[in-house]
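Following: one structure in structure tokens, then a few remarks.
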Amino acid sequence: MQSVWEESARKPKFPRLAHDLKTDVLIIGGGIAGILCAYMLQQAGVEYTLVEAREICSGITKNTTAKITFQHGLIYSRLVREFGAETARLYLEANEQAFDRLCSLCMQVACDFEYKDNYVYSVDNAEKIADELAALKTIGYQAETAKRLPLPFAVAGAVCFKKQAQFSPLKFLYAIAKKLHIFENTPVKELVGKTAVTENGRIAANKIIVATHFPFLNKHGFYFLKMYQHRSYVIALENAQNINGMYVECEPGGLSFRNYNDLLLLGGSGHRTGKKGSGWQALRSFAGLNYRGALEKYNWAAQDCMTLDGIPYIGAYSSGTDGLFVATGFNKWGMTSAMAAATLLCDLVRGQKNPYTALFSPSRTILRPQLAVNAFEAAVNLLTPTAPRCPHMGCALKWNRYEHSWDCPCHGSRFTREGKLIDNPATGDLKKQP
């Protein structure tokens, strides 16, 4: 299983940490959020060090569909309904600014950057589309609507954001990472105050940013209750349709479409990690019916951290952890969210004010309906008397027959058949059973 991005990009190499060091800001995690944080801090003249447990972009970042957009599903009608127009306006403003910054950076490197219109569609619910258009009008954004799309099925309607973008994420990140201060193959075993302990050295920092997809520190912030992880699947088809845009269904588990060069990227079949899903089979069945003669060239899967309210957690790790920051919970919209996180955290570590601090605060209320669902799933799987068990918090693992992995339904850690760690928040391999 390999994404199309991995084959078409050349990765720079970075050394393993082999000594103690001191730095102003330590960034833990070398995905898109960590790399953009490092880039922004370097541009601001702040001393920093980034450490990655494996190689940069080797986790979730390499498996994105790489759509750069501030149209995050039908989020604005929900934000207006649940939090009010001002919160929705701030969310739009923060992500629109992040979009502009990221696009400006992309245009400076060779990363197959293209402006494309983005569409969020509903197959059978025109009312949802109308509600979203009304919410956007309320907060001052003029979107367009469409009832016919170049997709092999009819839709009830779609909301269109003009001139969004797509790119090759690894080509972009490898290019901007070349001049950054990075150590690869340097997993952080624990934090002792503001000192990170690694296998071959200690890193003393004034401030620490945790950008590890799912935060690995359990005793602060309650992220194990505030988030769950969601898997979705992608196949890349040759000899399929040029749809000249980006398209995603508004319903959970719906289909997404975009082109990359001569390939059509077809995504979907989403489910909570550790739950039963159809893997790539549903996508292949759809392609067989609607894109006859197309040839599957690549297939891969993505994993996303989902928050209680649909807004990322970016800011102070918790109310009681001075100098410790986090960026997580991008809810499938990691491109603009990562840039919004880098911009906000660059301000916070320098002690500067930012208008979006409260919006993204990880310490905002957790009294949301999804909290009960997360707690129930954790309780059920903690009490399930089966082995193997996840070393993160002891939940019973489930066998993923499509990807041949052990997956945690509580928090989304994943392991190979042999017990090697694939995805966090677990920080180590499975213990061998006696």
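For the residues Leu263, Leu295, the requirement of being within 20 Å of Ser8 (Cβ to Cβ) and touching a Lys or Arg at 6+ places or on another chain (Cβ under 7 Å) singles out Leu263.
Count of segment 53-74 residues, restricted to those that are of a type in the set (S, T, N, Q) and in contact with a Lys or Arg (Cβ under 8 Å, 6 or more places away or on another chain), is 1.
For segment 238-269, a residue qualifies if it is more than 21 Å from the chain's Cα centre (by Cα) and open to solvent by 40 Å² or more (accessible area, probe 1.4 Å), and the qualifying residues are Glu238, Asn239, Gln241, Asn242, Asn244, Asn261, Asp262. Is it the case, given these coordinates, that Thr61 is buried (at least 22 other Cβ atoms within 10 Å of the Cβ) and under 30 Å from Val25 (Cβ atoms)? Taking the combined requirement at face value, the residue satisfies it. Picking from residues in segment 133-151 that are assigned to a helix (DSSP H, G or I) and either modelled with pLDDT under 95 or open to solvent by less than 50 Å² (accessible area, probe 1.4 Å) (or both), the one that is nearest to Asn244 (Cα to Cα) is Leu133. Regarding segment 44-56, can at least one residue be identified that is in a helix (DSSP H, G or I), closer than 25 Å to Leu265 by Cα and in contact (Cβ under 8 Å) with a residue 12 or more places away in the chain? Within segment 44-56 (the criterion being in a helix (DSSP H, G or I), closer than 25 Å to Leu265 by Cα and in contact (Cβ under 8 Å) with a residue 12 or more places away in the chain), the answer is no, since none of the residues qualifies. Can you find even one residue in segment 273-288 that is closer than 30 Å to Leu191 by Cβ and not hydroxyl-bearing (Ser, Thr, Tyr)? Checking segment 273-288: at least one residue is closer than 30 Å to Leu191 by Cβ and not hydroxyl-bearing (Ser, Thr, Tyr). Taking the numbered list (1) surrounded by fewer than 20 Cβ atoms within 10 Å (Cβ to Cβ); (2) within 21 Å of Gly279 (Cα to Cα); (3) out of contact with any Gly (no Cβ under 7 Å at 6 or more places or on another chain) in turn, Thr427 passes all entries but (2). Considering only segment 385-418, state which residues are open to solvent by less than 30 Å² (accessible area, probe 1.4 Å), over 19 Å from Ala301 (Cα atoms) and in a loop (DSSP other than H, G, I, E, B). Across segment 385-418, the qualifying residues are Pro388, Cys390, His392, Gly394, Cys395. Does Val197 satisfy being among the β-branched types (Val, Ile, Thr) and surrounded by fewer than 21 Cβ atoms within 10 Å (Cβ to Cβ)? Spelling it out, Val197 is indeed among the β-branched types (Val, Ile, Thr) and surrounded by fewer than 21 Cβ atoms within 10 Å (Cβ to Cβ). Answer with yes or no whether Leu382 is closer than 27 Å to Ser269 by Cα, open to solvent by 60 Å² or more (accessible area, probe 1.4 Å) and either of a type in the set (S, T, N, Q) or not in a loop (DSSP other than H, G, I, E, B) (or both). So Leu382 fits the description; yes. Among the residues of segment 109-117, is there at least one that is open to solvent by less than 70 Å² (accessible area, probe 1.4 Å), among the aliphatic types (A, V, I, L, M), assigned to a loop (DSSP other than H, G, I, E, B) and at pLDDT 95 or above? Looking through segment 109-117, at least one residue is open to solvent by less than 70 Å² (accessible area, probe 1.4 Å), among the aliphatic types (A, V, I, L, M), assigned to a loop (DSSP other than H, G, I, E, B) and at pLDDT 95 or above. Where strands (runs of 3 or more DSSP E) fall wholly inside segment 270-376, the ranges with 2 or more residues that are open to solvent by 30 Å² or more (accessible area, probe 1.4 Å), closer than 30 Å to Ile243 by Cβ and not acidic (Asp, Glu) are 295-307. Being hydrophobic (A, V, I, L, M, F, W, C), assigned to a loop (DSSP other than H, G, I, E, B) and open to solvent by 30 Å² or more (accessible area, probe 1.4 Å) holds for only one residue in Ala154, Ala130, Ala175, and it is Ala154. Is one or more of the residues making up segment 66-85 modelled with pLDDT of 95 or more, among the polar types (S, T, N, Q) and touching a His at 6+ places or on another chain (Cβ under 9 Å)? There is no residue in segment 66-85 that is modelled with pLDDT of 95 or more, among the polar types (S, T, N, Q) and touching a His at 6+ places or on another chain (Cβ under 9 Å).
The values are calculated or read from the model by the stated rules, or taken from the named source; none is laboratory data. Owing to the predicted nature of the structure, the values given are computational and were not obtained by experimental measurement. Virtual Cβ from ideal backbone geometry, glycine too; neighbours counted across all protein chains shown. For accessibility, only protein heavy atoms count, side chains too; no ligands or nucleic acids. Shrake-Rupley method; radii C 1.70, N 1.55, O 1.52, S 1.80 Å.
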